[in-house]
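Encoded as structure tokens, the structure appears first; notes follow it.
The values are calculated or read from the model by the stated rules, or taken from the named source; none is laboratory data. From a predicted model like this one, the values you see are computed outputs, not experimental measurements. Here the Cβ positions follow ideal geometry from the backbone for every residue, glycine too, while neighbour counts run over all protein chains shown. In case anyone asks, the SASA skips ligands and DNA or RNA and just uses the protein heavy atoms, side chains included. Shrake-Rupley method; radii C 1.70, N 1.55, O 1.52, S 1.80 Å.
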Amino acid sequence: MAGAIIENMSTKKLVIVGVILLLFQAFSFMVGGLIAPSPTTAVHYLATKCVDTVKTHHKGSKWFMPWGPDQCSKIRDFDEAMAKRIEANNIVFAVHIPLPNREMSPWFQFMLVILQFDIAFKMQNQIEDGSLATMDVGLAYRDSTLNEWTEMAHSTEHRKLSCNFTATKTYENEGRYYECDLLPFMEVGSVAHKYYLLNIRLPVNERKKVNIGIGEIKDIRLVSIHQNGGFTKVWFAMKTFLTPSVLIIMIWYWRRITQMTRPPVLLEKIIFALGISMTFINIPVEWFSVGFNWTWMLLFGDIRQGIFYAMLLSFWIIFCGEHLMDQTERNHFSVYWKQVGPIVFGSFCLFIFDMCERGVQLKNPFYSIWASDVGTELAMAFIIVAGICACLYFLFLCFMVFQVFRNISGKRSSLPAMTKARRLHYEGLIFRFKFLMLVTLACAAMTVIFFIISQVNEGHWHWGGYTVQVNSAFFTGIYGMWNLYVFALMFLYAPSHKHYGDEQSSVKCLNADQAGNSGEDIQLTTTITHVDGPTEIYKMTGKEAQE
């Protein structure tokens, strides 16, 4: 009767497999830390104040360049505008992305732009509570300095100001700047063109209360964030390498299962589904984004990642449930609907939130769900519900792990009744199950720890003569870790070709003798992959089982 490879593999071979996986894990961290540059680059821009006449303003097709041969007519500040009697409606804030003598590249993958207002304090023009800044924004592109600008997007956007004036509001402090929060401004899911141009207007309409009570805006600053081309190439190469690796082990795993004389059991199915979700993430469709303007790649990536994590969380629940050893017949997905339901619901909430944000940005890159009070409340509701589901999941998973470990400890009392060979076999199974659970917890902990580290450090450490990019190591290391985890699951839980018929026959005879002498019936089974489906490590009936 065949068990899983993890049951029948010798300890020496298991240690060798573990060492090989650890070496690959270390290599995945080193690829990001020593080879790849920082994942993203942030570039700061100060908007140029261009002057637009009423005549060209109504045409709506003129784009204002901040520099170059066809640069606009500029002013230094608003005092100069007042001296020249230039109205606020005729001032256009222009930003060219990238900086002069540089080009954007499809390898940058995405472009996120954050906005910040420089607002000076004036006693007669203070920022009112709950004030909204209304912006008429346009985005254009071109691939050559000789080409005309082509409009990519145009929209009227509103952003709620959240500013704090730290000094006392007196005439002596006029001219000091408010401390204003950064505002989400634009996100583009593909950088398919070399040059981008932003034109921002702040129209003023006293009758409609448009841009009234937003203070005296002096400047507009933008921060453009994009993925580094060097990191993108390393990331794509890693995905290209891992895709066939996981795909091959997945095909091998399922082929071994189909060769069995029984149908696959639930645990084998969920491991296979986990392999499919990992392969879905690995497939390097991002290579096409270099040649095609696929703005939906960010949304597609979020969906792929969400499917994998939902499948991973479901796997942990089912894996623990199939090892509870409480004499309950499971092996059916319907048994776990109460546990898997919150995972599906939480994932669906995050999917809706993502569609409300990045789904709309496919048509309007300036849209942000956080820009309005209703959108903010809706987004917070989705995040809170998903967070509650995550907390409930974590608590229930801890409870199931505790139950499994408690039941395993309770069953140890039957081990002395076995032969030495079988006792060592089952002790090994118990140890390997506990070890796998600890590895699982370690993987989850590593994900959280490296995420926190990537948020609080400066992004790199100096180690001897090398510079280690911590953020890059986080991305490649955690990505490699989950691939190795799924790879190890499919390898170790594939059906083994080893058989123990002679030994089991002798054990059955021994058990029959013991049953005849003591009046107790002891039945032994191995784990997971027997012909009868997933079973406990061992079952006991009689007085000891009742205890």
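What the table below lists for this structure:
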{"item": "Residue pairs, from the table 62/209; 84/160; 13/233; 49/122, whose Cα atoms sit over 25 Å apart", "result": "62/209; 84/160; 13/233"}
{"item": "Spacing of the two label points (7 Å from each Cα toward its C-beta) at residue 362 and residue 259, in nm", "result": "4.3 nm"}
{"item": "Cβ-based net charge around residue 220, under 10 Å, with every Lys or Arg adding one and every Asp or Glu removing one", "result": "+1"}
{"item": "Within the accessible area of the stretch 41-227 (1.4 Å probe), percent carbon and sulfur", "result": "48 percent"}
{"item": "Protection-proxy order for peptides 120-128, 472-480, each taking the mean of Cβ atoms within 10 Å per residue, highest first", "result": "472-480, 120-128"}
{"item": "Cβ-Cβ FRET estimate between residue 181 and residue 420, R0 fixed at 45 Å, reported to 0.05", "result": "0.05"}
{"item": "Tensor-based shape of the stretch 279-399 (alpha-carbon gyration tensor, a/c under 1.5 rounded, otherwise prolate or oblate)", "result": "oblate"}
{"item": "Residues residue 251 and residue 168, FRET efficiency given R0 of 60 Å [Cβ-Cβ distance, rounded to 0.05]", "result": "0.25"}
{"item": "Pairwise FRET efficiency - residue 305 versus residue 102, Cβ, R0 = 41 Å, nearest 0.05", "result": "0.85"}
{"item": "Residue-span extension gain [residue 206 to residue 152] - 0.36 nm each, minus C-alpha spacing", "result": "16.4 nm"}
{"item": "Point-to-point label distance, residue 30-residue 378, nm (Cα→Cβ direction, 7 Å offset)", "result": "4.9 nm"}
{"item": "Members of 12/420; 12/239; 239/363; 194/239 lying beyond 24 Å, as alpha-carbon distances in this model show", "result": "12/239; 239/363; 194/239"}
